[in-house]
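Notes for the one structure printed next.
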There are 2 protein chains.
Amino acid sequence: MTYCVAMKLDAGLVFASDSRTNAGVDNVSRFEKMRVFHVPGERTIVTLSAGNLSVTQTTLSQIDRQLRTYPLATNINTLRSMQDVAELIGGTLRDTRARDSEYLRQQNIDSSASFIIGGQIAGEAQRLFLVYSEGNFIEASGDAPFFQSGEVKYGKPVIDRVIRAGLPLPDAVKLTLVSFDSTMRSNISVGLPIDLLVLPAGHLAAVQQRRIDESDAYFRDLGLRWNQGLKQAFASIPAPEWSMPQA
Amino acid sequence: MTYCVAMKLDAGLVFASDSRTNAGVDNVSRFEKMRVFHVPGERTIVTLSAGNLSVTQTTLSQIDRQLRTYPLATNINTLRSMQDVAELIGGTLRDTRARDSEYLRQQNIDSSASFIIGGQIAGEAQRLFLVYSEGNFIEASGDAPFFQSGEVKYGKPVIDRVIRAGLPLPDAVKLTLVSFDSTMRSNISVGLPIDLLVLPAGHLAAVQQRRIDESDAYFRDLGLRWNQGLKQAFASIPAPEWSMPQA
């Protein structure tokens, strides 16, 4: 499985993805699910892939090929709006699935796949989209300023409680990592390393992706503190007085 | 959807289920998912149903009919072991699905269903089983002393962190309700009231089921305190220093 999260806050965008791919528990590999398309000073576009790996890879390879073959034509680096980028990736995903999904279905292989796409193109504000398996998409709004994909449920409650548009970026990074910690503790199919990328609003210069693995002291400390904090929160609730029937 | 949990602790068993059933968001009803079979001083058996409502209802109706028609023959009130009870319910579930599932499948209706079954029969210790949709079952052991069914993921992380065989019953009730609070906050298809039942080990006298609805002061207070405690736990983690790229 996969776990991907992206948040759209007033201060910027935060993206994170795990890097475990598996076809059964005895066939576990690492694949980067985060891709960055960057033109310095002009655009930064981040994609997070979930679902069938061949489908997402083929889709992004098509986007790459278009970019290489016709660098001046319509492609991910020349489109003028993030909305167009979501349409391009959604359309390419449709093409890939139209070609492959029937063959996969014959072997009972699920061809569904999705992309979280976010970033900024000069002249527009930052935007964040979720492209569904069918190629249609939705955009993050003020009420629901985050998208998840893959194994989304374990790590959703804490985001629901904490997220708000005004959250500062360091807190959003912390929230993202707490959500990963909750997911990885309950589901072995989501695993380290985590790829993390922070995009402050209006920042179109080079970005740095951070890879968090077993040796990351901050993530280890965060996991310990969160576990301790949850246990304290649990202990601070009085037990019910009515839980025992009369013997 | 549904959310059911049962825990098997040294001190006893705790059962809880929500009572929302829906076929689409415009067709929401309440159905009790908890059933108790009780012979004072001799046995207490609790079932929690999840999945296709007609399948679980028909299965339990068959168990009831057997009990009414042949009260002295082999039935849920005369079987000598909880293992036999799990086999009886698993077998009856197989019969129900063998009869109905092909008709349901023709309408793309999922006939899968499961039961959590726990309790005690005099002469045995308390036992807890999960009966799968296929009628096979597993028993809770020391390492994994709880079962969930239905919408299980949102409320699993907190149980994973807190549960241990030595947990006192009032704390287990508190943990169960925190797990429900997390689930209901993130998934509208799980709803109040919650049916709750506590069965201390060796206690075969009458049991009391407790129904927790919107007016339950303890559950409301627990939700507020847990929310506050989580936010404090989150606030107590330092934010990372490396989250901002250089502008």
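Read-outs throughout are calculated quantities, based only on the coordinates presented, and are distinct from any laboratory measurement. These numbers were taken from a predicted model, which means no experiment stands behind them. Here the Cβ is made from the backbone with ideal geometry for all residues, glycine too, and neighbour counts use every protein chain on show.
Compute the distance in nm between two label points, each set 7 Å from the Cα along the Cα-to-Cβ direction, one at B:Asn108 and one at B:Asp64.
Calculated label separation equals 3.3 nm.
Is it possible to state the helix-based mean residue ellipticity at 222 nm for chain A, with each DSSP H run of 4+ residues giving -39500 (n - 2.57), the sum divided by total residues, to the nearest 500 deg cm²/dmol? What is it?
Taken over chain A, the calculation gives -11500 deg cm²/dmol.
On a C-alpha basis, how far is the centre of the range B:141-205 from the centre of the range A:115-144 in Å? Whole number, if you could?
Between the Cα centres of the range B:141-205 and the range A:115-144 lies a distance of 37 Å.
Quick one: how many lysine pairs does the protein assembly as shown have with C-alpha atoms less than 16 Å apart and a gap of 8 or more or different chains? Give me the count, please.
Close lysine pairs under the 16 Å cut-off: 15.
For chain B, modelled as a GNM with alpha-carbon contacts under 10 angstrom, which of B:Arg164, B:Arg68, B:Arg80 fluctuates the most?
Checking each option, the largest mean-square fluctuation is seen for B:Arg68.
Other chains' Cβ within 10 Å of A:166-172 residues: what's the mean?
Taking all residues of A:166-172 together, the mean is 3.
Under a Cβ-Cβ cut-off of 13 Å, what is the net charge of the residues other than B:Gly12 that fall near it, where Lys and Arg count +1 and Asp and Glu count -1?
0
Quick one: net charge around B:Ala86, please, counting Lys, Arg +1 and Asp, Glu -1 for every other residue with C-beta under 12 Å from its C-beta.
Value of the local net charge: -2.
Can you tell me which of B:Ser114, B:Ser133, B:Ser141 moves the most in a GNM of chain B? Springs connect C-alpha atoms under 10 Å apart.
For chain B, modelled as a Gaussian network with Cα springs under 10 Å, the answer is B:Ser141.
Which whole number gives the average count of other chain Cβ atoms within 10 Å of the Cβ atoms across peptide A:222-234?
6
Among residues other than B:Ala140 whose Cβ falls under 11 Å from its Cβ, what is the net charge (Lys/Arg +1, Asp/Glu -1)?
Local net charge: 0.
Over all residues in B:149-161, what is the mean tally of Cβ atoms on other chains that come within 10 Å of each residue's Cβ?
Averaged over the peptide's residues, the number is 5.
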